[in-house]
1. Using the crude model of +1 on Lys and Arg Cβ and -1 on Asp and Glu Cβ, and no other charge, please compute the dipole size for the range 33-213 relative to its Cα centre, in debye to 20.
2. Among Pro174, Val92, Leu130, which residue has its Cα furthest toward the positive end of the charge dipole of the range 33-213, with +1 on Lys/Arg Cβ and -1 on Asp/Glu Cβ?
3. What is the P(r) of the range 33-213, as percent of Cα-Cα pairs per 5 Å bin from 0?
4. How far is it, in nm, from the label point at Gln133 to the one at Thr183 when both lie 7 Å from their Cα along the line to the Cβ?
5. Taking R0 as 41 Å, what's the FRET efficiency between Thr48 and Ala167 from their Cβ-Cβ distance, rounded to 0.05?
Amino acid sequence: MQGKWRILGSMKMSTWAATFLALGACSSVEDVSSVEQPFGWKSCGTATANATFSGGLPVVGIGGSGGAFPPAYSHTSPSSYNTCIKGYVVDVNNLTNAHTSPTSDGSPAQFRVFWSAPFGGGGTTGTDELGTQTACENAWGSAVFYKKVGSDWSAQGSTLEANGTWASGRCTPPSISSQSVLTLAAGDSYRIAGTMRTVSGGSIVRRITFSETP
């Protein structure tokens, strides 16, 4: 049903665009739906992964002093990518038991895809790329989570989306969790396809961080 909705939506947009151009009109506004449309469960499910890991995402930290905090597991894309049309794909094969237990606060194990700002996330000044309301609200992301079934990648749930949100002079960048569509299990293999980009101004892609908890 999801695939049919997207095809119909694309046909509807194409018909509208043809009528619009026939009237001799033009527009510089880029609609979010047209930005997102090429990226989705079908194209990324058959693509060759940009990065592949076994057991879990790579460790990038050892936690706080004395092991007060658990290590962090993540992978960050380059600043330019174009798999399955402005997407980046990560495979995690044979997930280990260590990555399937709930976190210390009781949250279930999950993957997360988020906008990887060069200065560490939303800030309060223009020194950060998401440090203004306009820039923040122009940030958009989408992700599809897959599980390996036989020799195929099976999309789990719907294609998820998120926008940057501005509140109290600070930006919360786009962030998408697998929690609503996946229950991680040891021994299973997963694919994460993501895109982070600007809504307008050319739909420019931005670095993505793929993280894993615990």
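Where a number appears in this text, it was derived from the coordinates with a stated rule and is not lab data. Keep in mind that this is a model prediction, so the values were computed, not measured. Virtual Cβ from ideal backbone geometry, glycine too; neighbours counted across all protein chains shown.
1. So the dipole magnitude of the range 33-213 works out to roughly 200 debye.
2. The residue sitting farthest along the positive end of the dipole is Val92.
3. 1, 8, 17, 20, 19, 16, 11, 5, 2, 0
4. Computed distance between label sites Gln133 and Thr183 equals 4.3 nm.
5. Working from the Cβ atoms, E equals 0.55.
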